[in-house]
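**Q** Dropping the structure in here first, questions after.
The values are calculated or read from the model by the stated rules, or taken from the named source; none is laboratory data. Source: prediction; values computed, not measured. With ideal geometry, Cβ positions are generated from the backbone for all residues, glycine too; neighbour counts draw on all protein chains shown. To get the accessible areas, we keep the full protein, side chains included, count just its heavy atoms, and leave off ligands, DNA and RNA. Shrake-Rupley method; radii C 1.70, N 1.55, O 1.52, S 1.80 Å.
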Amino acid sequence: MIGNLNHVAIAVPDLEAAIKQYQTVFGAFVTSPQELVAHGIRLAIVNLANTKIELITPLGETSPIAKFLERNPAGGLHHLSYEVPDIIAARDQLTAAGLEVIGDGTPQTGYHNTPVLFFNPKDCLGVLIELEEVKTTLQQGRIEITSAVHTGYHSEKSSLEGVEGVGIRVDVDFRVPTPEDNLEEN
Ligand code: CO
C-alpha cells in the first residue's frame with residue numbers, strides 16, 4: 001500500500017549545527033533553513049538521491065516538537081513519511097487494522113502543501129509514521145527474473161528468431177501486491 005519513503009525527519013536542538021554536520025561531515029547538499037510559522041518549526045532539507053532528510057527544530061513556544069526535544073535533548077528520529085496515492089483509503093485501511101490516527105483523522109496540509117496524517121508510534125513499532133498523499137507515487141511492483149538464457153533469444157517476436165546473443169528473460173507481474181506476498185515461503 002505504501003509507496004516511496006518521502007522523508008525521514010530528525011528533530012535537532014541546533015539547526016545550524018545540524019546543517020553544518022550534514023554539509024561538512026556527511027558531505028551532503030542541504031537547503032537553507034526555512035521558517036514554517038504555521039507548523040511551529042524551522043527546517044532544512046538534506047537532498048539525497050533516493051529520499052530526503054528533514055532537519056527540524058522548534059519555532060515558537062507551542063511547537064509540536066518542543067516536547068520531543070525535552071525527552072531527547074540531543075535530538076532524535078522524529079518520524080518517517082511514506083507516500084500514498086489516496087490518503088483517505090490508506091487511513092481507513094490502517095485504522096481498520098487497529099492503528100490509531102493522531103487527531104480526528106482529517107488530513108492536514110503538510111509542509112509540502114500535500115495532505116498528511118500521523119499515526120501513533122505505539123502502534124507503529126515505536127516510530128511516528130506520517131502518510132503523505134502524492135498522486136504520482138510509485139507503488140511496489142514485483143519483478144522476478146525467472147530464467148537466464150545464455151545462448152539465443154527466447155522471444156515471441158519472429159523478427160528475433162535466429163538472432164544469436166545473450167538474453168535474459170524477465171517476467172513482470174503487475175498484480176497489486178497483497179500482505180501475503182511479503183511472507184517468507186518456508
Ligand atoms: Co514529515
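**Q** Which net charge results when you count Lys and Arg as +1 and Asp and Glu as -1 among the other residues whose beta-carbon is under 14 Å from that of residue 108?
**A** Spelling it out: positives minus negatives among the neighbours equals -3.
**Q** Label-point separation (nm) for residue 178 and residue 102, each offset 7 Å from Cα along Cα-to-Cβ?
**A** 3.4
**Q** Could you report the range 5-145's accessible area per residue, 1.4 Å probe, as an integer in Å²?
**A** With the other protein chains kept in place, the range 5-145 gives 56 Å² per residue.
**Q** Set the Förster distance to 22 Å, then compute FRET efficiency between residue 23 and residue 71 from the Cβ-Cβ distance, nearest 0.05.
**A** Efficiency, from the Cβ-Cβ distance: 0.20.
**Q** So what is the relative contact order of the range 5-145, in percent, for Cα pairs below 8 Å that sit 6 or more residues apart?
**A** Working: 263 pairs, mean separation 32.4, N = 141.
23 percent.
**Q** Within 12 Å, Cβ to Cβ, of residue 60, how many net charges do the neighbouring residues add up to if Lys/Arg are +1 and Asp/Glu are -1?
**A** Details: positive: 42; negative: 35, 61.
Taking every Cβ under 12 Å from that of residue 60, the sum is -1.
**Q** Would you mind classifying the range 62-110 by shape? Square roots of the alpha carbon gyration tensor eigenvalues, ordered a ≥ b ≥ c; an a/c under 1.5 is rounded, otherwise it is prolate if a/b is larger than b/c and oblate if not.
**A** Prolate, because a/c is 1.5 or more and a/b exceeds b/c.
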